[in-house]
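Report on the structure given below.
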Amino acid sequence: MPTIATIVGARPQFIKCAPVSREIRKYCDEILIHTGQHYDYNMSQAFFAELNIPEPDYNLEIGSGNHGEQTGKMLIELEKALLKIQPDLVLIYGDTNSTMAGALAAAKLQIPIAHVEAGLRSFNRQMPEEINRIVADSLSQYLFAPTQTAVNNLHHEGFTDQIHLVGDVMYDAFLYNSQIAEKSDILERLGVNSQPYYLVTIHRPQNTDDPDTLKALISTLEHLNELIIFPIHPRTRNLMRQFNITAESPELRLVEPVGYLDMLNLEKQAKMIITDSGGVQKEAYFAGVPCLVLRPETEWVELVEHGWAKLIGNDFQRLPEEIEKFTVFHLENATLFGDGTTSMKISAILQKNL
C-alpha cells in the first residue's frame with residue numbers, strides 16, 4: 001500500500017485536505033503533517049474537529065515569524081519527518097509558506113510532489129503567496145489545476161504533461177458541509193437574528209501592516225451605516241492593538257475567529273462580503289453572495305469576469321459607492337470551479353500512478 005505524506009499548516013489547507021483525505025485513505029496510508037503555521041485554536045484545532053480530519057501524525061509547532069525564519073524552521077523539521085516516513089508522494093495545498101517548504105523539502109529528497117490548486121497567478125510578486133505558488137508548481141510532478149485559467153497559466157510557463165484540470169476542492173468541501181452548516185447557531189450567538197449584515201475578513205499585509213492604511217480601513221467600515229460582522233484574524237487584532245486602533249461604532253462587531261461551519265453560515269446569510277482572502281472570495285460565490293475584494297488583483301479572475309466579485313484595492317473611500325452600485329449580473333450555478341467531484345478525480349489520478 002503506497003504512503004502519501006500530506007503537508008498542511010493553515011486554515012485554508014485544512015478545508016482543502018478534508019475531502020481529499022477521505023478519498024485517498026481508501027487505498028493508501030496517509031501521514032498528515034501539520035507545520036503549525038496556524039496554531040491558534042480557532043484557526044487550527046477547531047477545523048480538525050469540525051471537518052473530521054484525523055489528528056496530525058506530526059505537529060511541527062513552528063508557529064509564526066518572518067517569512068525566511070518560518071520557512072527555514074519548516075524545512076529543517078519537514079526534512080526530518082519525511083526521512084522518517086519515506087513516503088511515495090508528498091501532497092501539498094495552496095500557496096502558504098507551508099506549501100513552499102513542503103515542496104522544497106520533498107524535492108531535495110527526490111520525493112514526487114502533487115500540488116493541489118496549481119497554476120493560480122495574481123502576477124503580483126510582492127505577495128508572498130505568489131512566490132510560494134510559483135516555487136511549488138515548478139517542483140511538482142502532479143499539477144492539479146482548479147480552473148481553465150490556471151491551466152492556461154501553466155501552459156504559458158512551459159508545463160505540459162503533468163497538468164490535470166480537476167476543479168476546486170473547496171467546492172467539494174462547501175457542498176459536503178453546506179447543509180451541516182445550516183445547523184450552526186452563530187447568528188443567535190452574535191445576536192444578529194434576521195438583521196441584514198455585511199461580512200468582513202481582513203488579514204493581508206497590504207491592508208494591515210501600515211498603521212494609516214489599517215486605520216483608514218477601520219474608519220471606512222465604521223461609516224458604512226450597516227451592521228458588519230468582522231471575525232478578526234489574530235494577526236489583524238494584534239496590529240490594531242499595536243497601532244492603538246479601536247473600533248468605536250457598535251455596528252462594527254469585531255468577533256473572535258469562527259470555525260468553518262459557522263463561517264459558511266455567516267457567508268450564506270450575508271448581504272455582501274468584503275474581504276482580502278482568496279478562499280472567502282470563492283465561498284462567497286458558492287453561497288451566491290456578491291463580494292468586494294480589498295486587493296488590486298485576484299488569482300480568481302473568473303469571479304471578476306462573471307460579475308460576482310469586484311476589485312477595490314485599498315482605495316477604501318470607494319467602498320460606499322461601490323456597494324451602492326454593485327450588482328451581480330451573471331446569476332449562475334457554481335460551475336466555474338468544477339462539479340464537486342474534484343477530490344475523487346485527484347484520488348483516481350494518484351491511485352493510478354502510485
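Just so it is clear, none of the values below were taken in a lab; they were calculated from the coordinates. Here the structure is a predicted model, which means the values were calculated and not measured. Don't worry about glycine lacking a Cβ; one is built from the backbone with ideal geometry, like all the others, and counts go over all protein chains shown.
Only one of (1) touching a residue at least 60 places away in the same chain (Cβ under 8 Å); (2) closer than 30 Å to Pro231 by Cα is not met by Asp185, so which one is it?
All conditions pass for Asp185, except number (1).
What number of residues within segment 118-134 are buried (at least 18 other Cβ atoms within 10 Å of the Cβ) and either hydroxyl-bearing (Ser, Thr, Tyr) or not in a loop (DSSP other than H, G, I, E, B) (or both)? Walk me through it before giving the result.
Within segment 118-134, the first condition is being buried (at least 18 other Cβ atoms within 10 Å of the Cβ), and the residues that meet it are 118-122, 127, 129-130, 132-133.
Those left that are additionally either hydroxyl-bearing (Ser, Thr, Tyr) or not in a loop (DSSP other than H, G, I, E, B) (or both): 122, 129-130, 132-133.
Count: 5.
Could you check segment 148-167 and list, in sequence order, the residues that are part of a loop (DSSP other than H, G, I, E, B) and either out of contact with any helix residue (DSSP H, G or I) (no Cβ under 6 Å at 6 or more places or on another chain) or surrounded by fewer than 17 Cβ atoms within 10 Å (Cβ to Cβ) (or both)?
First, the residues of segment 148-167 that are part of a loop (DSSP other than H, G, I, E, B): 157-162, 166-167.
Once the filter is applied, which keeps residues that are part of a loop (DSSP other than H, G, I, E, B) and either out of contact with any helix residue (DSSP H, G or I) (no Cβ under 6 Å at 6 or more places or on another chain) or surrounded by fewer than 17 Cβ atoms within 10 Å (Cβ to Cβ) (or both), segment 148-167 yields Glu157, Gly158, Phe159, Thr160, Asp161, Gln162.
Can you find, within segment 197-217, the residue that is farthest from Pro12 (Cα to Cα) among those that are of a type in the set (A, V, I, L, M) and in a helix (DSSP H, G or I)?
Taking segment 197-217 and keeping what is of a type in the set (A, V, I, L, M), we get 199-200, 202, 214, 216-217.
Applying the additional criterion that residues be in a helix (DSSP H, G or I) yields 214, 216-217.
Numbers: Leu214: 23, Ala216: 27, Leu217: 24 Å.
So, considering only residues that are of a type in the set (A, V, I, L, M) and in a helix (DSSP H, G or I), the one farthest from Pro12 (Cα to Cα) is Ala216.
Sort out which residues of segment 229-265 are touching a strand residue (DSSP E or B) at 6+ places or on another chain (Cβ under 6 Å), in contact (Cβ under 8 Å) with a residue 40 or more places away in the chain and not in a loop (DSSP other than H, G, I, E, B), and write them in order of number.
Ile229, Arg253, Val255
Scan segment 266-277 and give yes if some residue there is assigned to a helix (DSSP H, G or I), within 28 Å of Gln13 (Cβ to Cβ), polar (S, T, N, Q) and touching a residue at least 24 places away in the same chain (Cβ under 8 Å), otherwise no. Break it down stepwise before answering.
Residues of segment 266-277 assigned to a helix (DSSP H, G or I): 266-269.
Subset that is within 28 Å of Gln13 (Cβ to Cβ): 266-269.
So of that shortlist, the ones also polar (S, T, N, Q) come out as 269.
After this cut, where a residue has to be touching a residue at least 24 places away in the same chain (Cβ under 8 Å) as well, the list is 269.
Yes, the conditions are met somewhere in segment 266-277.
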